[in-house]
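First comes the structure, then the notes that go with it.
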Amino acid sequence: MQRFCYLIPGFLSVCLCAFPLFAESTNSLIGKKVENFSLKDFRGKTVSLNDQTVQKFTVIAFLGTECPLAKLYGGRLQELSLEFADQGVSFYAIMSNQQDSLTEIAAYARKHEITFPVLKDAGNHVADQFGAKRTPEIFLLDAKRTIRYHGRVDDQYGVGYLRDEPKREDLKIALTELIANKPVSVVSTDPVGCFIGRMREPDSKSSVTYSNQISRIFQKHCVDCHRDGEIAPFQLTEYQEVAGWAETIAEVVRDQRMPPWHADPAYGKFSNDCSLSQAEKELIYQWVEHGAPEGNPKDLPEPKTFIAGWKLPQKPDAVFYMRDKPFQVPAQAGKRGVKYQYFTVDPGFKEDKWLTGAEALPGNRAVVHHILVFARPPSGKRVRAFGEGDQFLVGYVPGSREVMLPKGMAKKVPAGSKLVFQMHYTPIGSEQLDRSKVGLVFTDESKVTHQVVTAQVINQDFVRRRISIDANDDNFQIEGTSPPNDRNALLLSFMPHMHLRGKSFRYELRKTPAEPGEVLLDVPAFDFNWQTAYQIEKPIPLETGDYIHCVAHFNNSDSNLSNPNPNKSVSWGDQTWNEMMIGYFNVAIPKKEAAAENEFKTIAFRLIRRRDKNSNGKLEQDEVPLRELPFFFQADKDKNAIVTVEELAALIEKNQSRKKE
């Protein structure tokens with residue numbers, strides 16, 4: 001079985017998903033004869049197609065310095081050029097994007113150690129001559145300069161998926177067949193990539209310009225990621241850069257892939273909603289149709305200011321690294337993947353700390369799949385909400401890495417707590433080093449009215465592998481219900497979590513575990529590459545006895561192109577070729593009601609939750625295995641055939657005291 005790479009790690013995940021890749025379908029170019037061209041390379045040397053007089057075949061690759069796929073295939077094309085160098089094959093790379101400078105082209109060639117000519121196609125004349133539209137896009141010519149193959153390099157990368165290795169190496173196969181005097185078995189494939197950033201004649205009469213409307217739209221929705229030093233593959237802060245991406249921008253907006261927002265607008269309002277209004281979309285379409293005019297630079301808005309290196313709105317008050325020395329990530333994951341790594345840091349907190357903001361920052365985006373940062377408080381210092389005594393602080397996952405809480409709300413890190421980093425790494429074929437960190441923003445306790453706690457909804461049967469997702473099922477459902485709420489609280493945010501087979505996720509507020517309730521969030525098309533935290537615009541009051549219910553669907557069929565193996569059932573597991581179903585949510589508890597509970601109550605809750613089939617927060621006799629009934633009867637002090645958390649905690653504490661005696 002061929003295993004898919006379970007995530008395009010770090011930077012690449014954003015590259016391939018932040019600006020999605022598209023296929024251009026055409027086979028009309030086969031048989032077309034190509035005329036000579038002359039272009040300069042990045043050193044200023046003129047190179048002509050006529051220079052090749054002895055080579056039998058020529059590969060023309062249209063590339064770009066920033067298109068994610070063009071980055072991935074630069075090294076592969078160099079490998080192919082070396083493999084076929086002694087068989088009469090020459091290679092040329094042509095850079096036709098108006099936004100690619102000679103400096104950037106030179107850096108691209110150096111990074112990928114390309115030894116064949118890398119040429120600047122100023123004015124995209126050669127791209128027009130060939131009929132090229134995408135990067136990367138391949139044209140294979142014979143000795144008569146007739147196009148014999150056109151399309152992609154191979155099928156390893158596509159719209160929304162990444163394989164460990166290609167199933168079909170189209171260019172390599174075509175070369176091998178031609179060299180053997182055989183007909184090309186597949187003469188045309190759909191090139192997948194970004195639009196070539198062509199020079200266009202802007203409409204000087206256009207009422208929509210970059211300087212006026214478009215820059216403001218990008219500033220509002222895009223530049224948080226599309227700026228220097230951030231995770232997006234290119235910047236959207238300067239006109240010359242933006243203009244080259246105009247057609248691709250219009251395409252991904254029309255396809256609703258950018259900006260990345262997946263919540264159904266019919267349910268809930270969220271303060272971090274980055275989606276475009278229809279009016280904003282129409283302005284972008286009109287701007288592109290009019291040739292992406294710049295307008296008057298005097299109309300530009302004031303640039304947004306950012307904290308260097310952070311997405312937080314202010315510089316962190318304290319920064320802690322996961323360890324003193326970098327962790328070495330192996331080159332290969334092995335069949336079971338790289339085990340989760342845990343690093344414990346003593347921040348030296350001598351007094352309670354109240355966190356109003358936090359951000360986890362990977363040291364090496366190429367290999368860091370996710371970071372979870374927890375506080376491990378001393379015994380007896382945990383605070384519980386919806387049964388959870390969790391001290392989760394902040395995480396870095398695809399699409400999310402920073403948290404800023406509403407005014408008056410904060411997470412408490414008790415004095416003496418340790419910070420625990422849970423690190424998930426995805427090897428990329430070479431040994432890498434990582435030293436990730438977390439930045440914390442504190443507030444004075446006097447300003448805190450509510451303590452924030454992260455809770456979660458899971459399905460115990462799924463977690464304990466009593467059930468698994470059926471093979472070849474494109475809509476497998478798993479549900480989970482929280483324990484009942486036991487105090488006044490405010491619901492602040494959601495973050496659904498699944499892996500590659502995740503299809504949809506819904507949160508409901510229920511009054512009873514079994515009866516459908518109000519839909520709070522619906523994510524009809526879950527995207528593993530963008531695991532957004534949905535921050536509720538106006539916190540929702542929760543009453544005692546309320547439940548949070550989650551419904552998830554999974555696509556474990558071959559219609560899911562990211563699916564590692566549709567013919568295999570899938571169980572719960574850490575690695576991304578396994579699955580998870582977790583409905584995280586943040587609740588705010590009035591500080592005066594956020595009393596810490598003793599360790600026995602925490603243990604009791606966890607034991608009951610494992611057996612609580614009807615999610616009522618209690619243990620009923622028919623939920624208990626026969627071998628555990630004696631313990632159940634001891635705990636059931638009022639003899640009503642129901643054991644509460646308090647009853648079980650009392651028995652555990654009593655037994656513990658006897659042991660000490």
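The values are calculated or read from the model by the stated rules, or taken from the named source; none is laboratory data. None of these values were measured; they are calculated from a predicted model. Ideal geometry is used to build each Cβ from the backbone, glycine not excepted, and the neighbour counts take in all protein chains shown. All accessible areas refer to the heavy atoms of the entire protein, side chains included, with ligands and DNA or RNA removed. Shrake-Rupley method; radii C 1.70, N 1.55, O 1.52, S 1.80 Å.
Annotations for the structure displayed:
- Residue count for segment 602-624, restricted to those that are hydrophobic (A, V, I, L, M, F, W, C) and open to solvent by 40 Å² or more (accessible area, probe 1.4 Å): 2
- Any hit, segment 500-507, residues being among the charged types (D, E, K, R) and closer than 20 Å to ASN578 by Cβ: yes
- Restricting segment 47-92 to residues that are acidic (Asp, Glu) and surrounded by fewer than 17 Cβ atoms within 10 Å (Cβ to Cβ), the residue that is nearest to ALA122 (Cα to Cα): ASP51
- Test: residue in segment 625-640 that is outside any helix (DSSP H, G or I) and either open to solvent by less than 50 Å² (accessible area, probe 1.4 Å) or modelled with pLDDT under 80 (or both): yes
- Here is the figure for segment 93-116: residues that are assigned to a loop (DSSP other than H, G, I, E, B), at pLDDT 95 or above and crowded, with 22+ Cβ neighbours inside 10 Å total 1.
- Positions within segment 556-568 being among the polar types (S, T, N, Q), over 17 Å from the mean Cα position of the chain (by Cα) and open to solvent by less than 20 Å² (accessible area, probe 1.4 Å), in sequence order: ASN556, SER557
- Any hit, segment 21-40, residues being of a type in the set (A, V, I, L, M), under 33 Å from the mean Cα position of the chain (by Cα), at pLDDT below 75 and crowded, with 17+ Cβ neighbours inside 10 Å: yes
- Search result, residues across segment 135-148 that are open to solvent by less than 10 Å² (accessible area, probe 1.4 Å) and over 21 Å from PHE42 (Cα atoms): PHE139, LEU140, LEU141, ILE147
- Lone qualifier among THR532, THR512, THR544 - being open to solvent by less than 20 Å² (accessible area, probe 1.4 Å), in a loop (DSSP other than H, G, I, E, B), β-branched (Val, Ile, Thr) and closer than 30 Å to GLN451 by Cα: THR532
- Which numbered condition ASN563 misses (of (1) of a type outside the set (Phe, Trp, Tyr); (2) touching a Leu at 6+ places or on another chain (Cβ under 9 Å); (3) closer than 27 Å to GLY617 by Cβ; (4) not in a strand (DSSP E or B)): (3)
- Selected residue (criterion: nearest to TRP577 (Cα to Cα)) from residues of segment 150-200 that are hydroxyl-bearing (Ser, Thr, Tyr) and crowded, with 21+ Cβ neighbours inside 10 Å: TYR157
- With respect to the stated conditions, ASP574 is more than 18 Å from GLN391 (Cα to Cα) and open to solvent by 20 Å² or more (accessible area, probe 1.4 Å).
- Considering residues of segment 226-258 that are among the polar types (S, T, N, Q) and more than 19 Å from the chain's Cα centre (by Cα) only, the residue modelled with the highest pLDDT: THR237
- For segment 587-602, the condition holds for at least one residue, the condition being that it is touching a residue at least 12 places away in the same chain (Cβ under 8 Å) and more than 30 Å from LYS447 (Cα to Cα).
- Filter pass, GLN328 being open to solvent by 60 Å² or more (accessible area, probe 1.4 Å), touching a residue at least 24 places away in the same chain (Cβ under 8 Å) and not aromatic (Phe, Trp, Tyr): yes
- Neighbours by Cβ (under 9 Å, 6+ apart or cross-chain): first from segment 122-148, closer than 17 Å to ASN97 by Cβ; second open to solvent by 30 Å² or more (accessible area, probe 1.4 Å) and among the aliphatic types (A, V, I, L, M): ALA122/MET199; GLY123/MET199; ASN124/MET199; ARG134/ALA23; PRO136/LEU72
- Residue within segment 485-493 that is touching a residue at least 24 places away in the same chain (Cβ under 8 Å), open to solvent by less than 10 Å² (accessible area, probe 1.4 Å) and assigned to a loop (DSSP other than H, G, I, E, B) present: yes
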